[in-house]
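Below is one structure, written out as structure tokens, with a few remarks after it.
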Amino acid sequence: MIVGIVGKPNVGKSTFFKASTLADAEIANYPFVTIKPNEGVGFVKINCVDKEFGRQCNPRTGYCSSHKRFVPVNLIDVAGLVPGAHEGKGMGNQFLDDLRQADALIHVIDLSGSTNEKGEVIEPGSYDPAEDVRFLEVELDMWYIGIIKKGWEKFARTVVQEKQNVTIALAKQLSGLKVTEAMIEEAIELLHLDKEKPMQWKEEEFQKLATLLRQKTKPMIIAANKIDTPHAHQKLNLLRQQFPRYLFVGCSAESELALKEAAKAGLINYIPGENNFTIAAAEKLNEKQKKALDFIKANVLEKYASSGVQDVLDKAVFELLGYIAIFPGGATKLEDKDGNVLPDCFLLPMKSTALDFAYKLHTDLGKNFIRAIDVKTKRTVGKEHKLQHRDVVEIIAGK
């Protein structure tokens with residue numbers, strides 16, 4: 001799974017990425033500081049099942065803190081996009097192409113209204129963040145249109161002359177965007193497109209097709225950044241009213257980054273996504289650090305229940321994409337061969353079956369699947385059994 005972080009320059013996009021991953025990412029107060037995409041690993045948070053078994057888990061990847069399991073997901077932070085990016089403005093199409101493999105997008109916007117459409121610093125409150133929501137929709141749709149229409153006449157003529165199935169042919173052409181035949185078929189039916197005469201499809205129909213496919217393949221959550229600035233909460237509520245089709249989450253990437261770095265340095269104890277932290281080494285904190293932590297506690301954590309960054313990641317994976325977390329484990333033994341308790345946790349699409357999980361673990365387990373065991377209930381289930389979030393499953397396979 002890959003989650004892309006997008007937005008115009010200078011809205012806190014790279015700060016959000018660094019706060020999510022603690023990976024090195026250059027942060028500066030001017031446009032286009034990110035040129036090459038940053039790639040890193042973030043984590044989604046769930047209640048670990050280890051507590052239900054009276055054990056402490058030992059994750060192979062990710063980590064567990066106070067029975068909160070953090071499961072890794074891949075993040076990519078691309079260069080800032082500006083109006084006209086699909087025409088080559090700003091950093092252009094090159095960085096739209098970096099998003100091809102993303103399963104979902106996190107759109108970071110600046111609630112303070114202190115960056116204009118080009119990402120330049122302006123007077124706070126003088127820019128309407130609603131414009132950012134609108135422009136990015138246009139840029140992504142125009143990017144999709146460009147890919148769909150590239151060589152369209154030749155494509156459509158070949159499909160007709162060779163009597164190809166336009167659904168299959170178009171899905172193959174757009175597979176790099178994770179478009180499937182089912183998505184194409186659904187869009188064609190909704191738009192009442194003539195599959196026998198693709199050369200007669202109109203510009204307006206291409207636009208609608210691009211929007212439908214973009215919404216299916218690049219679902220988007222909006223991280224409303226700088227929630228700690230004046231009037232930000234009112235602006236967030238207004239945005240939710242203006243764009244009811246989107247999920248908005250208020251956040252302060254700068255606060256989350258400060259908390260993560262303080263925790264890494266051993267200055268505080270902090271679990272991402274929580275509404276509090278404790279001081280671990282008061283003697284090492286200078287006055288500036290104390291004031292910063294007091295500000296974050298009063299103006300972010302106590303006011304909004306968290307910094308919001310972890311919430312954005314969790315909602316992107318579990319609500320927007322609808323994934324579930326599944327643990328492999330044995331009905332009589334939760335440890336692996338090295339003695340690690342519940343070392344693994346996998347993210348799967350909702351409605352995944354026991355057989356899907358077997359294949360996720362190893363192709364041979366899927367091919368030789370016999371049955372599965374729900375470790376929590378000790379119940380034997382078949383290959384079509386639908387898994388639930390936080391299930392612990394043992395796969396029994398033949399040789």
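The values are calculated or read from the model by the stated rules, or taken from the named source; none is laboratory data. All values derive from a computational prediction rather than experimental measurement. Counting neighbours? That spans all protein chains shown, and the Cβs are built from the backbone with ideal geometry, glycine included.
A few comments on the model shown:
- Lone unmet requirement of (1) assigned to a loop (DSSP other than H, G, I, E, B); (2) free of Cβ contacts under 8 Å to residues at least 40 places away in the same chain; (3) crowded, with 21+ Cβ neighbours inside 10 Å for residue 357: (1)
- If the condition is being over 24 Å from the mean Cα position of the chain (by Cα) and surrounded by fewer than 16 Cβ atoms within 10 Å (Cβ to Cβ), then segment 45-83 contributes 51, 52, 54, 55, 56, 66.
- The single condition among (1) outside any loop (DSSP other than H, G, I, E, B); (2) outside the structural domain of residue 115 (by TED's automatic domain parsing); (3) surrounded by 13 or more Cβ atoms within 10 Å (Cβ to Cβ) that residue 275 does not satisfy is (1).
- Subset of segment 259-272 that is among the small types (Gly, Ala, Ser) and in a helix (DSSP H, G or I) - its residue that is surrounded by the most Cβ atoms within 10 Å (Cβ to Cβ): 262
- Residue count, segment 196-223 (criterion: buried (at least 16 other Cβ atoms within 10 Å of the Cβ) and part of a loop (DSSP other than H, G, I, E, B)): 3
- Among the candidates 235, 226, residue that is within 14 Å of residue 11 (Cβ to Cβ), out of contact with any helix residue (DSSP H, G or I) (no Cβ under 7 Å at 6 or more places or on another chain), touching a residue at least 40 places away in the same chain (Cβ under 8 Å) and buried (at least 22 other Cβ atoms within 10 Å of the Cβ): 235
- Any hit, segment 229-246, residues being modelled with pLDDT of 95 or more, assigned by TED's automatic domain parsing to the domain that holds residue 307 and either over 26 Å from the mean Cα position of the chain (by Cα) or of a type in the set (Ser, Thr, Tyr) (or both): yes
- Of all the residues in segment 278-312, those that are of a type in the set (Ser, Thr, Tyr) and either loosely packed, with under 12 Cβ neighbours inside 10 Å or part of a helix (DSSP H, G or I) (or both) number 2.
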